[in-house]
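One structure is given here, and the rest of the page talks about it.
Here, each number is a calculation from the coordinates, and none is a lab measurement. Quantities reported herein were computed from a predicted structural model and do not represent experimental measurements. Neighbour counts are summed over all protein chains in view; Cβ atoms, including those assigned to glycine, are modelled from backbone coordinates with ideal geometry.
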Amino acid sequence: MKKALFFTCAALFALFITANDHQLSETMSSYRVNFAASGNPNGNGLPVWTAFNPDTKLVMVFGDEVKPSQVPYREQLEFLEQMNTSGQK
């Protein structure tokens, strides 16, 4: 019964996976493999992923496009960080 339920759920989930989802998965996997093999995530055909620089605050954003971008939701993250550290001394 558990196997049938799993395969039914997996088949239903597969209906919602798009070609973009597959491409994103391949891209992320390539970055991980490259990093594990060499310490550098970059490779042929991948957008360049630069090391984080506090002056530019660029991060790699993974979505419909894979590209460097400003930290998303930066103000909200800074607020949460402030709330998290305000009680610590």
For a label point 7 angstrom out from the Cα of Leu24 toward its Cβ, which stretches of segment 54-89 have the backbone nitrogen within less than 12 Å?
61-67
Amide H to amide H under 5 Å from Leu58: which residues, 5+ apart in sequence or cross-chain, H placed 1.01 Å off N in plane?
Asn53
Taking the chain as a Gaussian network, Cα atoms linked when under 10 Å apart, which of Glu26, Glu78, Glu65 shows the biggest mean-square fluctuation?
Glu78
For the chain, the percent of all C-alpha pairs falling in each 5 Å bin, from 0 up to the bin holding the max distance, is 3, 11, 14, 14, 13, 13, 13, 10, 7, 3, 1, 0
Highest GNM mean-square fluctuation, the chain, Cα pairs closer than 10 Å: which of Leu24, Leu12, Leu77?
Leu12
